[in-house]
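The values are calculated or read from the model by the stated rules, or taken from the named source; none is laboratory data. For clarity, every value in this text was computed on a predicted model and none was experimentally measured. No Cβ is skipped: glycine too gets one built from the backbone with ideal geometry, and neighbour counts run over all protein chains shown. Accessible surface areas use protein heavy atoms only, side chains included; no ligands, DNA or RNA. Shrake-Rupley method; radii C 1.70, N 1.55, O 1.52, S 1.80 Å.
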Amino acid sequence: MRRRSLLIAVPAGLVTLAACGDDDSGSDVAGDPETPEASATSAPPPKIVDGPLPAITAGTKFGEKPTVAKGSGDPSKDLAVKTVIAGGGKAVAENDFVVANYLGQIWASAKVFDNSYDRKTPLVIQLAQGSIIDGWRYALTGKKTGSRVQFSVPPTWGYGEQGNEEAGIKGSDTLVFVVDVQDTFSTKSSAKGKAVPQDDAKLPKVGTNTDGAAPSIEVPKADAPKKLVANYVLEGDGAEVGAQDSVLVQYKGVVWDSGKEFDSTYGRKQLTSFSLQQVVKGWSQGLTGKKVGSRVLIVIPPDLGYGDNPPQGSGIEKDSTLVFSVDILAKM
């Protein structure tokens, strides 16, 4: 199993989509009971100061694994934040999902307790209370993508007096992070790929707008296909999604027979992330091999969806064919 970040909290649950269908699909997205949670309570906002911060002695370019010196003297009791490299991209807002590489170490010893560079997979995490330690929320809000940010986090905005035994962090330890902010996504984010012709009159047509609003889905007056359909509407140029991956998405789902919407991240104003191993087969098969940055039309026949056991209260009838527009924002 790929080691998960020590920063993140276990998600509370999945979207309705993943709640049933397969008997195997009811488990939590995280799937790792050892992942420590962020503090359940939030401290008052910290005062943000410029330093002190230890020197970055190697790996000084954006995207390179940094080497950070041991802290000198006593760390600040406040949140010390420095933009080491100023990016020119989108500004990060609280509750956004950020894509970032990072290294974390202990001030007093310079012991590295976690980093994503060695895993060669950036962290994708929401800057929301309960999802990540508070120091990250306050340090990264307002920073622009393309930036390298260094900051020190006292226990108050880190793991508190309890520390983090798994990581070797004591309740008195101040933490030092270097974070390379690659991208950020909000509820107004959408796929940005190249439009692909939708020429089959027997299949639904999906809107190609990229303004963050929900795309239209026009279902034809025709019999639903018996096999899974997974076609590009907008084809991105990112990495392909693997069968074992987790993804961050915007999506909208309607029932083929009625065209009625039954689920949507746009309506909830909340992006969704999940593992392709923990959703209905139509989603996992339909998104595997598709590129990040794409919008995908997925038509799911009953045997790859909810079959005769749709979620209670969903408005989905038994043996319904489902139609989704899915924007693949990031791979996790």
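Below, the figures for the structure above:
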item	result
Entry for Kirkwood radius over Cα pairs in Å (calculated from the structure that is shown) out of (1) 22.6; (2) 21.1; (3) 20.6	(2)
Phi to ³J(HN,Hα) by Karplus 6.51 cos²θ - 1.76 cosθ + 1.60 over the stretch 295-300, Hz, x for Gly, Pro	10, 10, 8, 10, 10, 10
Accessible area expressed per residue, the chain, with surrounding protein chains retained (probe 1.4 Å, Å²)	46 Å²
Area projected by the alpha carbon convex hull of the stretch 163-245, averaged over all directions, nm²	9.9 nm²
Rounded accessible area of V206 (nearest 10 Å², 1.4 Å probe)	10 Å²
Percent accessible area from carbon and sulfur atoms, the stretch 218-331, protein chains only, probe 1.4 Å	42 percent
Of all accessible heavy-atom area on the stretch 91-136, the percent that carbon and sulfur account for (1.4 Å)	48 percent
For peptides 119-127, 265-273, sequence by mean Cβ density within 10 Å, most packed first	119-127, 265-273
Cut-off under 5 Å, modelled amide H: who pairs with G171 long-range	G163
For the stretch 149-202, the spread of Cα positions along each principal axis, largest first, Å	64, 25, 18
Charge context of A80, other residues only, Cβ under 14 angstrom, K/R +1, D/E -1	0
